[in-house]
1. By the scheme Lys and Arg +1, Asp and Glu -1, what is the net charge of all other residues having a beta-carbon under 15 Å from that of Ser46?
2. Show me, for region 24-38, the HN-Hα J-couplings you get by feeding each phi into the Karplus relation (A = 6.51, B = -1.76, C = 1.60, θ = phi - 60°), rounded to Hz, glycine and proline as x.
3. Just order 23-36, 112-125 by mean Cβ neighbour count inside 10 Å, highest at the front, would you?
4. Simple spin-label model, 7 Å along Cα-to-Cβ: His100 to Gln37 in nm?
5. Where a ≥ b ≥ c are the square roots of the eigenvalues of the C-alpha gyration tensor, would you call the chain rounded, which needs a/c under 1.5, or, failing that, prolate if a/b is larger than b/c, or oblate?
6. Report the Cα centroid-to-centroid distance between region 52-94 and region 124-146 in angstrom, as an integer.
7. Would you calculate, for the chain, the mean residue ellipticity at 222 nm contributed by helices, counting each DSSP H stretch of 4 or more residues as -39,500 (n - 2.57) and dividing by all residues, to the nearest 500?
8. Rounded, prolate or oblate: which fits region 57-109, taking a ≥ b ≥ c as square roots of the Cα gyration tensor eigenvalues, rounded meaning a/c under 1.5, else prolate when a/b beats b/c?
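Bear in mind that the values in this text are calculations on the coordinates, not laboratory data. Remember, predicted model here, so these are calculated numbers, not experimental data. So basically every Cβ, Gly included, is an ideal-geometry build from the backbone, and we count neighbours across all protein chains shown.
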Amino acid sequence: MYRAPIVLSLLFSIHSGSAQQYVFLRHTPEDGLAQSQVRCMTQDASGHLWFGTLGGASRFDGVVFDNYALQEGLPDAQVNALCAMPDGSLWMGTGGKLVHHEGGRIQVVELPSSTSNARVNSLVIGPQGALVAGTAGGGVLLQDGEAFVPLPGFPADTA
C-alpha cells in the first residue's frame, strides 16, 4: 500500500530532473564590452542589448559591441541606468545628466539646477509614456516635454 506513492514520487522526480539547460555566455572587454563592471542592461525595440558600465554604454547585436563613451559625447563614463523607449530611442542615466540616444545621435539633457549634482540611478517609463528618473541627491524627476521637473513629495535621495 505504501509502495504506490513512493514509486509515483520517484517517477515524478526523475521527470523533473530532465529540465531544460540554458547556455550562458560571458562577455568581457576583450570581446568588445566597454568595461567589465556592468551596472544595468536593457533591450531596445530592435532587439539590441544595451549594457551600462563604468566605462560607458555598449550596444550588442549578438555579434559585435558598439561602444559609447566620453569620445562619443557622453558627459560621464559611468552609465548607471538605461531605459529603452517604444519609439526605438534610448535614455541613459549618468552622474548629473541624462543622455538621449536616437538614430545614432547623442543628446545630453541638463537636469534642473537644483539637481545638477544628482546621480541618475534609475529610469522607467511613467505615466503617458513620460520618462521618470530616480536620482541620488535630486529626488524624482519627470519628463515634461523637453525638460525634466522634480516631482514634489519625494526625498532628495531616492535611487
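1. Numbers: positive: Arg59; negative: Asp44, Asp61, Asp66, Asp87, Glu102.
That works out to -4.
2. Whole-Hz 3J(HN,Hα) from phi for region 24-38: 10, 10, 10, 9, 10, x, 5, 8, x, 4, 4, 6, 7, 9, 7.
3. Details: 23-36: 11.9, 112-125: 17.4.
Taking the mean over residues of other Cβ atoms within 10 Å, the ranking is 112-125, 23-36.
4. 3.0
5. Values: a/c = 2.81, a/b = 1.82, b/c = 1.55.
The shape class here is prolate.
6. 18
7. Values: 1 runs with 14 residues, N = 159.
So the helix-based figure for the chain works out to -3000 deg cm²/dmol.
8. Values: a/c = 1.63, a/b = 1.22, b/c = 1.34.
Oblate is the answer for region 57-109, as a/c is 1.5 or above yet b/c matches or exceeds a/b.
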